[in-house]
1. Using the Karplus curve 6.51 cos²θ - 1.76 cosθ + 1.60 with θ = phi - 60°, what ³J(HN,Hα) values do you get for each residue of region 57-67, in whole Hz, with x for Gly and Pro?
2. How many angstrom lie between the Cα centre of region 1-18 and the Cα centre of region 100-154?
3. Hey, what number do you get for the chain at 222 nm if only DSSP H runs of n ≥ 4 count, each worth -39500 (n - 2.57), divided across all residues, to the nearest 500?
4. Taking N as the number of residues in region 1-46, what is its Cα Rg relative to 2.2 N^0.38 Å?
5. Putting +1 on Lys and Arg Cβ atoms and -1 on Asp and Glu Cβ atoms, find which of SER23, LEU132, PHE3 reaches farthest to the positive end of the dipole of the chain.
6. Return the label of the correct value of volume of the Cα convex hull per residue in Å³, as calculated from the structure shown, out of (i) 96; (ii) 122; (iii) 142.
7. Across region 35-44, in residue order, what do the Karplus-derived ³J(HN,Hα) couplings come to in whole Hz, using 6.51 cos²θ - 1.76 cosθ + 1.60 with θ = phi - 60° and x for Gly and Pro?
8. Build a GNM of the chain with springs between Cα atoms under 10 Å: which of ALA85, ALA70, ALA116 gets the top mean-square fluctuation?
Amino acid sequence: MKFQQNLLEYISRSLMSVNESISVVESVTSGCLQLAFSQMPNASLFYKGGMTAYTLPEKVRLLSIDSDEAEECDCVSENIAETMALNVAKLFESDWSIATTGYCTPIRNSLYKIFAYFSFSYKGEIVLTKKLELHPKTQALNAQLYYTEFILGCFKSEMNQLLILK
């Protein structure tokens, strides 16, 4: 897998310039974001790590997701993404975090749609949560790669906004 090198380098430089760290928790992207962060120059200076929590029981057990809420929405909602982001940042003690949850194949639980929620936290607060929808005929790997690139682009923008305000 190849990611936009200039984007990876930019995120790396930005995090190092302010001496801040990041962690990732993924479901729908299933490790693609972790792979992208591991490819960044000097990743060990800012990337604390990540996890892939793919099933409802793991999200409940590892990320303190409410099991009733998770069952109601098949673990795919704005609030689930936000809770995942906040809790992975606590687990890894990172300044930033990114969480993803959603669908990369059209199934009954998704009403045969392909979409994902992603959320960013910064210093214990949610700074951005969005829903990203793709065409239902998108191949699973293409969906995961698109989500990853899109989320990294949004992360760059969000980081810029917060760093400018500092």
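1. Coupling constants for region 57-67: x, 5, 5, 5, 6, 8, 10, 6, 6, 5, 5 Hz.
2. 21 Å
3. Details: 6 runs with 76 residues, N = 166.
Estimated from H runs of four or more residues: -14500 deg cm²/dmol.
4. Compared with the compact-globule rule of thumb, region 1-46 sits at 1.12.
5. Of the listed residues, the answer is PHE3.
6. Here the calculated entry is (i).
7. 4, 4, 5, 5, 8, 6, x, 6, 3, 5
8. ALA70
Coordinate-derived values only; no laboratory data. Note that the structure is a prediction, hence the values are computed from the model and not measured. All Cβ positions, glycine included, derive from the backbone under ideal geometry; neighbour counts span all protein chains shown.
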